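Inspection log for the structure reproduced underneath, given as structure tokens.
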Amino acid sequence: MTGTPSRRRHLSALRTPLGVVTALLAITVLVLAVVAPILWTDSAKAVDTDDILAGPSAEHWAGTDNLGRDIVFRTLVATRLSIELALSATLIAVVVGLVLGVAPQLLGRRAGRLVTASINIAVAFPGLLLALFFAVVFGIGATGAVLAIGLAGAPSFARLVQTMVAGVVSLDYVAAARTAGVGRFRILVRHVLPNVAEPLVVNATIGAGGALLAFAGLSFLGLGVQAPAYDWGRLLFDGVSALYVNPGAALVPGLAVLVTGLSFNLFGESIAKAVGVPTQGTALAPRTVVAPRRSTDHAGPATEAPVGGTDDVVLDVRDLEVAFPGADGPVQVVRGVTFAVRRGEAVGIVGESGSGKSLTALAVSQLVDDLGQVDAERLRFLGEDLLTSDTAARRKMLGTSMAMVFQDPMTSFNPTRRIGGQLAEVSRHHHGLDRKQAMARAVDRLGAVRIPAPERRARQYPHEFSGGMRQRAMIGMGIMGSPSLIIADEPTTALDVTVQQQVLDLLAAIRREDDVALVLISHDVTVVGEVCDRVLVMYAGRIVEDLPAADLATAGRHPYTQALVAAVPSMDTALDEPLAVIPGRPVDPADVPPGCAYAARCPLATERCRVEDPPLAGDERGRVACWHAGEPIEPMQLSTTRTDVP
Amino acid sequence: MSELRFEDLTVRYGATTAVDDVSLVVPTGRIVGLVGESGSGKSTMARAAVGLAPVESGRILLDGEPVPLRGHRRPVQMVFQDPFSSLDPRMSIGESVAEPIPRDVRRAARRAEVARLLDLVHIGSARADARPSEMSGGQRQRVALARALAAQPAVVVADEITSALDVSIQGTVLNLVRELQAELGLSILFISHNLAVVRYVASDVAVMHRGRIVEQGPTAQVLATPSHDYTRDLLAAVPGTTRRRSPR
Ligand SMILES: Nc1ncnc2c1ncn2[C@@H]1O[C@H](COP(=O)(O)OP(=O)(O)O)[C@@H](O)[C@H]1O
Ligand code: SF4
Ligand SMILES: [Mg+2]
């Protein structure tokens, strides 16, 4: 299935109106370039001495030139030369740019630096200036113009190639090839070029549009194509001298240049945009509305009302669903999740990647992107209904009362602004503090999350912080106000164990001091078990078990919960046996099997499991969705299967 | 098979000394764990062993000879941390695994070797044509192991190969590491920041802190009677060893 995903992404460019229109235009122009000279060269040459410099007429739609030749035909025939010249110039620009761009990779360090520096200088010159300079150097005429425009375009391609190559070369697979003894040149051909080819081609398409315009410019200045040959620029040049007699003589070739240039340019841009989007083919599909809701057949008895009255409830979620448009209709990634979080309570959510943990959190904090369709029977935060339409007041309420902490704090901060300023902004925005008060608060909060020398640190940029410190600063941002709920999605996954401990300590301390509720998401049951009171285990977009954290290690009743616990090596894991692993793969949300979603991987699965979906049933110990909840699993069955494990 | 020995190794990046006069031995057929926080110099040691870090002074020896860092024969191989950047997305996994196989090996023999390696890491030879994008993180890491083995290494350096994986998948990779070591008698330098993981795979452990090795010895001994404060911190930091539930 070579290259299928990227091809699908290219095709998705054709689903945008702009993509379709520009693609059709570009194709039309290319076809014209081939057929026009064959069909109409004679008509374009035909001299009509009766009609010199005539205006538009039925015979000559755009009038004639100073020899009485038909402007429309001449413009059509000129397509081939104009396109040929533009493409040759682009080719030169790309090839020269490619050679210059990869040179630093092949040459030694010192020579490489020299090339890089020269490219940087060349890029600084305006392209048109370079083109004019080269045009003069290479002499007037088509060849000179091609060389001029090609070379003038080369530096920006060189820069592009250089940046892309540097990006690929820093990746581990190139390092792996190098340690495998693969030579520099071979690495370039096998690994680097294929991975930069796609953006390069896209940019070349954009560049061709630019080259076309540049050509018209040079020919128009009389530096390009010389009579009797003619391209659009030349026609424009001739037409302008007769502008007052027959405006059509300049307008038609001008229009040809403009439309063609733009269509190449925009076509390239729309591919670039489609290719840049991570999800294949689906991302550009229109927002799909989820089918009408099924009755809530998964609400067990204990899910009806949050335990222990409702006054105390910070977050109340009932039958939450999140869907994204997929290739064959909407794909449900969260499939009916019901839970409540009480004041000061810490609730953990665990499960493998893709089980819907993050999307549950994002849905609660109203951060699911536009393509996602969020639906719920109830979604209340501090009594406020989050299902009603968004208002400024509510955004402010969420901004002050709910704090989010993400896995990668580097992407959560603006890299170009100082940490202190970013924290202060929250308070100026949401709490109406003035600049000075807000900054004082920011410094205070940085201290509260135990960042040493907070005043000095507040003036630093995100990249000057270590990963652990950024994560603490992120938490600091969350407590600029006085939140009632902190939602932390894998806050320590990117961190070292020692730093992880500090961050977990911090979250626990904040919770204790201010009675803040916490929703902590992790793929690691041990992390969640350390901090939380209660744990929700998610599988395939559902909660499959809800249990006290104290029961996690030994008293989990769902086979999946037990498998998650068994999979983590601890300080007393037996050393003479293989580690327990969960066989098979997580469920693909686009293809959820009937019956229990875990059946294919479950050691206890029976026929009933494969047919009937177990409801999430509540009792005094919590909730569990399993037909065989709590039945013993032989240690042998906690599989250590060797083949086809995930 | 072979012993990997770092002798008084120093590596500097500009003004920072990433590895400061470190000596470490990975004995023949053993797995040595290297633990420490990020930035302590673990990855730099690994990269130096395969020629990806600028060695300022000291030597890296394989059975007493300098590790060859040029040419096609590379007896020290490395597996990287990030399963999403360690395989070329444009190549099938079979092509990736075939890359380190010496080029004079004939086509049929290459294919057979790729199949053998993919079976060895439990991916299955049938999937040789799959793209990395079709594989999970754990599967990719096993393909990366197969690629390292294709070079017929004497020593494998595994740099945090499970820390980007879900814990539920980590087990499959750890089991594989132990299995390969037992079956092939490989010497492995196994880098991690999680002591529970190192305890499970490594017979010996070295603790790195700020570019230096602060403690080393048999794993059981170091874990039972840690002598350095930093080792004690690491022990306390193993997930699941502390409880911070606030009393309610
Ligand atoms: N923006 C998105 N567009 C489409 N699908 C998405 C998007 N974000 C997540 N998904 C899909 O939703 C499912 C659940 O994702 P997520 O909540 O991130 O899981 P987790 O946090 O448990 O790893 C996955 O299959 C994922 O691919
Ligand atoms: S319902 Fe059946 S398949 Fe599902 S977890 Fe329970 S025992 Fe396993
Ligand atoms: Mg997630």
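The values are calculated or read from the model by the stated rules, or taken from the named source; none is laboratory data. Everything numeric in this text was worked out from a predicted model, so none of it was measured. Glycine gets a Cβ as well: all are built from the backbone with ideal geometry, and neighbour counts include every protein chain shown. Each accessible area value is taken on the protein alone, full model and side chains, heavy atoms only, with ligands, DNA and RNA left out. Shrake-Rupley method; radii C 1.70, N 1.55, O 1.52, S 1.80 Å.
Values computed for the structure shown
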read-out	value
Per residue, in Å², the accessible surface of the protein assembly as shown once ligands and nucleic acids are set aside, probe 1.4 Å	43 Å²
Pairwise centroid distance, computed over Cα atoms, of the range A:445-520 with the range B:59-116, Å	42 Å
Within the accessible area of the range B:1-70 (1.4 Å probe), percent carbon and sulfur	44 percent
Nearest-20 debye value, the protein assembly as shown charge dipole, Cβ charges on Lys, Arg, Asp, Glu	1840 debye
Residue A:385 versus residue A:38: modelled label distance in nm, points set 7 Å from Cα along the beta carbon direction	6.8 nm
Radius ratio Rg over Rh of the range B:1-70, counting only Cα atoms, Kirkwood formula for Rh	0.95
Scattering profile of the range A:510-646 at q = 0.11, 0.15, 0.18, 0.21 Å⁻¹ [log10 I(q)/I(0), Debye over alpha-carbon scatterers]	-0.43, -0.78, -1.09, -1.42
Dimensionless Rg/Rh of the range B:75-186 - Kirkwood Rh, Rg from C-alpha atoms	0.93
Formal net charge of residues neighbouring residue A:606 (Cβ-Cβ distance under 12 Å; K, R +1; D, E -1)	-1
Semi-axes of the equivalent ellipsoid for chain A, Cα gyration tensor, largest first, Å	62, 29, 27
Rounded to the nearest 20 debye, dipole of the range B:166-224 from Cβ charges on Lys, Arg, Asp, Glu	240 debye
Gain upon complete extension [residue A:395, residue A:125; 0.36 nm per residue less C-alpha separation]	92.5 nm
Under 13 Å, Cβ to Cβ, from residue A:367 - net charge with Lys/Arg +1 and Asp/Glu -1	-3
Listed residue (A:556, A:480, A:349) projecting farthest to the positive dipole end of chain A, Cβ model	A:480
With at most 14 other Cβ atoms within 10 Å, longest stretch of chain A clear of loop GluC sites (Glu not before Pro) (DSSP)	A:305-611
Within the accessible area of chain A (1.4 Å probe), percent carbon and sulfur	61 percent
Percent accessible area from carbon and sulfur atoms, the range B:75-186, protein chains only, probe 1.4 Å	49 percent
Shielding score for A:572-584, defined as the mean number of other chain Cβ atoms within 10 Å	4
Computed [θ] at 222 nm, deg cm²/dmol, chain A (DSSP H ≥ 4; -39,500 (n - 2.57); rounded to nearest 500)	-16000 deg cm²/dmol
Mean separation of Cα contacts under 8 Å (6+ apart) over length of chain B, as relative contact order %	27 percent
Under the span-like rule (Cα at least 30 Å along the axis, Kyte-Doolittle mean at least -0.5), DSSP H helices of chain A	A:17-45, A:71-106, A:142-169, A:193-220, A:248-276
Net charge contributed by nearby residues that have their C-beta within less than 15 Å of residue B:24 (K/R +1, D/E -1)	-2
Average Cα contact separation per residue, the range B:75-186, under 8 Å, 6 or more apart, as relative contact order %	40 percent
For the range A:16-274, alpha-carbon Rg over 2.2 N^0.38 Å	1.19
Helix B:137-150 axis, angle to chain B major axis (alpha carbon atoms, nearest 10°)	70 degrees
Low-density loop positions, trypsin sites (Lys or Arg not before Pro), the range B:144-237 - DSSP coil, at most 16 other Cβ in 10 Å	B:210
Straight-distance crosslink candidates among lysines, where the alpha carbon sits under 27 Å from residue A:396 and sequence neighbours closer than 8 are dropped	A:357, A:436
Linear extension gain, residue A:24 paired with residue A:201, 0.36 nm per residue minus alpha-carbon span	61.9 nm
Relative contact order of chain A, defined on C-alpha pairs under 8 angstrom at six or more residues apart (%)	11 percent
Residue among B:79, B:241, A:406 farthest towards the positive dipole end of the protein assembly as shown, charges placed on Cβ	B:79
